[in-house]
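One structure is given below, encoded as structure tokens.
What follows draws every value from the coordinates through simple rules; no lab data is involved. This one's a predicted model, so the numbers in the text were calculated from it and none came from an experiment. All Cβ positions, glycine included, derive from the backbone under ideal geometry; neighbour counts span all protein chains shown.
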Amino acid sequence: MKGAFNVLYCGVGGQGVVLMANIIGRACASEGIKVISGELHGLSQRSGSVHVHQRMGDDVRSPLIPYGECDVVLALEPIEALRYAYFLKRGGTVVTSTVVIHPPAETSMIVRGEKERYMEYEDVSSALVSSGMIVYGIDPLSIAMEAGEPQAENVVMVGALCALEGSPVSKKAVFSAVADSVPAKTKEVNLRAFDMGYLELSKRLRKL
Amino acid sequence: MSPYDIRDPSAQRAYMMANEAIVRACLESDVKVFASYPGSPTTEILDTFERICNDMDVRMDISANEKVALETAVGAAMVGCRSFCSMKSVGMNVASDALYVMAYTGVRSGCVVLLADDPHAHSSQSEQDGRWYGYNSYLPMLDPSDPQEAYEMVKFAYALSERYGTIVLLRTTTRINHQSAVVGTSEMRWTSFSKVNWKDNRRNYSAVGELARKGKMRLLETIGRIADDTRMTSFNRIEHFDGYALKKGGPGRSDGYTFGIATSGISYQYVLEALMRLKIKARILKIGMINPMPVALISGFLEGIDDLIVVEELSPYLETFIASAAQGSFSGLRIYGKRTGHLSEFSELDVPLVQRAIANVTGAEIPFDHLEHLKSMGSIADGIPMRPPVFCAGCPHRGTFTALRMALGDKGKVYLSNDIGCYTMLVLPPFSWSDSQLCMGSSLGIAAGVDLAAEEDVVSVIGDSTFFHAGLPGLVNAVHNGHDLTLLILDNSVTAMTGQQSHPGTEDAAGGRKGIKIDIEGALRGVGVSDITVIDPFQIRKSIGPMKEALKRSGVRAIISRGECALYHFRRYRRSGARTVPFFIDQEKCRKPYNCIKDFMCPAISLGPDRIPVISPHICVGCGECAQLCGFGSIRSTAVLKGGEDRVYYTPEDYGKLKEATTKSEEVER
Ligand SMILES: Cc1ncc(C[n+]2csc(CCOP(=O)(O)OP(=O)(O)O)c2C)c(N)n1
């Protein structure tokens, strides 16, 4: 694949951000697409902000996406989408969960009178839209619950990513990578979650 | 496609993290002994070995600390068994006392030691530059640029180690260890473990006085021979970037290149991407073996170069050697890098920084300025709430520190000497507490000094893993010298911060092997601490009194706060079939004093309608700590809604009893 396709995955520690990148990485490997990812482990897993850089294409070498070259931010939590939006190119795409997880630090500021109110999804989406980003908000948690397991929300988001124009990896390859990446007993639920996420975003893109 | 299994002898290629590729390379190199102490960014090496050691017959220790780990690996290599040892940058500070001598004595079988630096101190207490350890110990050191090269260097390192009878150091950085990519691997000829015979192969590995001087002579000769060995230079190469693509290059003035870049490690990748964007010509020296430095190659590389930039992270390591190699012969050469301020010794590099530095040297036009983009986008996230890491829901540390604060009344009246572990987060909100917190075990040494010099009482805080790692000498010292201090030991059963590994105080050893649990009370008594108080961190109110009493007494008083790490505890709890029973806030009863939020900051608690706190049932594990802070009794266990008691359910047995008390249809969900 010529050029580069850069995705930044983000969310809150414990949501399964790293697995999202691993699924796409494995799918790329199965299709011979060059892929590299940069992640951080350690302290940031304790309910903190987590992000993984992933880059696909023949020319990529740095595990970090240079600022302004990110094609897609795939966020399991909207505040985190906004936090890392500076990586996006102008007119880049954000696919984000609409379900806000309020940081404990923010809650504490509010009860101390240091802050007026919570940041909500609408604040995030309007900030992104006004900077020229294309934003798709979906509720992966409800979809995952419908699929049968709330923890599958990360796989819902992976499904949504596959519906986007420009993603170099085929839906079929990602589907098998999901099957290979989740515990055997949750495979069925996860594959369902994947399909549902794909469908959800496809509908938005008016493909269906 | 079936998933890649690192144990499969014929597995060919897969997307994997460099840390896994490194383990695969060890297995292909027939490594039989592995010893390590966890530390980011190397922990996945330990975790991967732990996952496969039983199947692959690798003998593995999770050692008490890095020095012991290094000695264990080297001990095995001395008698004739290939071994591997990995540690984070600061781990080498602990281990280096042994390292310098081992460099003198050498080893019989291959021994490779990985040390991983952490520029930007993502998860470390300093961003030290471990490359100087190679230079300082006269040991060969390799510096990979990607996961594939890390894999290849490990295999090469074993050949090198055995050819010269020396330890080989592999130096990585966070961006290598935690990088995933497609790595091609080779056939693995696996052999089962068998003990080696020492008696018939005996040799002497002692170093002192005359023996040390002999060892040093031998070492100088060895490192000299490695420097001259052309087989060793396969990881050092000259390349040409012709403005569009990378080509193989060679030394010499005749290629017409006048701009040069010398680099190694992850910086090499940033250089290439920067050049692709700037579309300028450059002769590149990529150094894979950073000790001994390839002096002859450097000279050849510098031929005909007018301007050279050295691109590396942290200190001017390459730059120093290149500048000295250039002295005299290349007097017209202009060298740019750290010393000229084109790059900083602070933090990590990335493509934008490297692109700008190269543009500044060459005058090349920057097609897209990432740093300008960053500036213009900077305001997009203005006012966004921070999300620093916090103690997990159900973390015992939150309860311990809440109790300690209440026991002291005024937290400012003591010197709080903190240590390294999850409890380091004490320094962050909501507690924002700690007078010092340096490196593993230093809570006790610092406490001794503070006790000698300050009017205030000292409270040292240390985790169970850190207690065994480097706390014991400080404790022995405090007891022997008659210091006054309260030692708060946070016994959460695991090395939590790095992912809940076992340690000397746990029943399991590496790979689930049965270990012998070192009893903390026993250890304390053994070194003369008789004033021991044990508290339950989940019983905040009940812990305050005993803490107060202990704080009032003199001598070395130990308070052991014993409660399992929530991540560790509830993972096993759920596996046993039990479900967590969350607490809830009675919305009618709540008078909004916000004790459950202020100074507490549990990730399960946020504000609901009318600003009444609510507990997220899928985050809450039912530790019940917050309920004890509520003066109105409005925080209760959801068990009461199902006919159970209003108390904490955190053993599978307790949960079983609750289940009996409820009818099937009413079963508490999640
Ligand atoms: C010399 C050194 N080795 C390893 C580390 C990485 N590290 C940081 S905290 C920690 C473990 C702390 O365990 P413990 O004291 O039991 O505290 P817990 O995280 O369980 O609360 C480790 C291994 C380090 N910082 N320094």
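For the reader, a short list of remarks on this structure follows.
- At 1.567 mPa s and 4 °C, Stokes diffusion of the protein assembly as shown via Kirkwood alpha-carbon radius, µm² per second: 44 µm²/s
- Sorted into 10 angstrom bins from 0, the C-alpha pair distances of the range B:544-670 split as 12, 36, 31, 17, 4, 0 percent.
- Distance between the range B:480-519 and the range B:86-149 - C-alpha centres, whole angstrom: 25 Å
- Amide H contacts under 5 Å for B:Val614, placed H, 5+ residues apart: B:Ser606, B:Leu607, B:Gly608
- Globularity ratio of chain B, using Cα Rg and 2.2 N^0.38 Å: 1.09
- What you get for chain B, charging only the Cβ of Lys and Arg (+1) and of Asp and Glu (-1), is a dipole of about 820 debye around the Cα centre.
- Cβ-defined net charge surrounding B:Glu20, 12 Å radius [Lys, Arg +1; Asp, Glu -1]: 0
- D_trans [Stokes-Einstein, Kirkwood Rh over alpha-carbon pairs] for the range B:193-351, 10 °C, 1.306 mPa s, µm² s⁻¹: 89 µm²/s
- Computed about the Cα centre, the dipole magnitude for the range B:186-268 is approximately 560 debye when only Lys and Arg (+1) and Asp and Glu (-1) carry charge, each at its Cβ.
- Other protein chain C-beta atoms within 10 Å of residue C-beta, averaged over B:168-181: 4.
- Net charge contributed by nearby residues that have their C-beta within less than 14 Å of B:Pro389 (K/R +1, D/E -1): +2
- Residues in the range B:528-558 reached by a label modelled at B:Ser436 [backbone nitrogen below 20 Å; 7 Å Cα→Cβ]: B:555-557
- Rounded FRET efficiency, nearest 0.05, which uses the C-beta distance separating B:Val534 from A:Arg117 and R0 of 45 Å: 0.55
- Share, in percent, of DSSP beta bridges within the protein assembly as shown that are antiparallel, nearest 5: 35 percent
- In the range B:459-573, a dipole from Cβ-located charges (positive for Lys and Arg, negative for Asp and Glu) runs towards its positive end, and of B:Gly526, B:Gly515, B:Val494 it is B:Val494 whose Cα lies farthest in that direction.
- Percent of beta bridges antiparallel (DSSP, chain B, rounded to nearest 5): 30 percent
- Distant alpha-carbon pairs in the range A:5-207 (separation over 26 angstrom), percent: 29 percent
- Peptide B:41-50 has a mean of 1 when you count, residue by residue, the C-beta atoms of other protein chains within 10 Å of its C-beta.
- Projecting the Cα atoms of B:Phe241, B:Met16, B:Ser267 onto the charge dipole of the protein assembly as shown (Cβ charges, centred on the Cα centre) puts B:Met16 farthest toward the positive pole.
- Couplings 3J(HN,Hα) for the range A:12-29, derived from phi with the Karplus relation 6.51 cos²θ - 1.76 cosθ + 1.60 (θ = phi - 60°), are 10, x, x, 7, x, 5, 5, 4, 4, 5, 5, 5, 5, x, 5, 5, 4, 4 Hz, where x marks Gly and Pro.
- Residue order, fewest to most surrounding Cβ atoms within 10 angstrom, among B:Glu588, B:Glu71, B:Glu312: B:Glu588, B:Glu71, B:Glu312
- Each residue of the range B:173-187 was assigned a 3J(HN,Hα) from its phi angle through the Karplus curve 6.51 cos²θ - 1.76 cosθ + 1.60 (θ = phi - 60°); the sequence is 10, 3, 6, 8, 4, 9, 9, 10, 6, 7, 10, x, 10, 10, 4 Hz, with glycine and proline shown as x.
- For the range B:225-236, 3J(HN,Hα) per residue [Karplus equation, 6.51 cos²θ - 1.76 cosθ + 1.60, θ = phi - 60°, Hz, x = Gly/Pro]: 5, 4, 4, 8, 7, 5, 4, 6, 9, 4, 8, 10
- Footprinting exposure proxy ranking of B:Phe570, B:Phe193, fewest other C-beta atoms within 10 angstrom first, gives B:Phe193, B:Phe570.
- With neighbours defined as other Cβ atoms within 10 Å of a residue's Cβ, the residues A:Ile24, B:Ile280, B:Ile226, B:Ile287 order from fewest to most as B:Ile280, B:Ile226, B:Ile287, A:Ile24.
- Spin-label pair B:Trp132/A:Lys187, simplified geometry with 7 Å Cα→Cβ offset, distance in nm: 5.4 nm
- Across the range A:5-207, Cα pairs under 8 Å and at least six residues apart give a relative contact order of 21 percent.
- Database remark: amide H of B:Ser460 closer than 5 angstrom to the amide H of B:Ser417, B:Thr486, B:Leu487, B:Leu488 (H placed geometrically; neighbours at sequence offset of 5 or more, or on other chains; Pro and chain starts carry no H).
- Amide H within-cut-off set for B:Leu142, under 5 Å, with H built and near neighbours excluded: B:Leu169, B:Leu170, B:Arg171, B:Ile290
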